[in-house]
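The next block holds one structure in the form of structure tokens; read it before the comments.
The values are calculated or read from the model by the stated rules, or taken from the named source; none is laboratory data. What you see is a predicted model, and the numbers here were worked out from it, not measured in a lab. Ideal geometry is used to build each Cβ from the backbone, glycine not excepted, and the neighbour counts take in all protein chains shown.
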Amino acid sequence: MFEGDLDEGELEIGQVSAGIKEIKPAAEVVQELMTEFRSTLERLGSLKV
């Protein structure tokens, strides 16, 4: 796999699939990311340096 040989190499996939708890539409995922991003920006803006 590391050499680009998918026939003779080893391709490990699927380990992360255990972490999937639900399937959401892309728009919902983006909305959640933006909400978390804005919240983080607000928290960072209130930090005193």
Candidate set: the range 28-49, residues that are at pLDDT below 95 and small (G, A, S); chosen: the one nearest to the chain's Cα centre (by Cα): G45
Pairs, first surrounded by 10 or more Cβ atoms within 10 Å (Cβ to Cβ) in the range 26-49, second in a helix (DSSP H, G or I) and small (G, A, S), C-beta under 7 Å, six or more apart: none
Is there a residue being assigned to a helix (DSSP H, G or I), modelled with pLDDT of 90 or more and of a type in the set (D, E) anywhere in the range 13-25? no
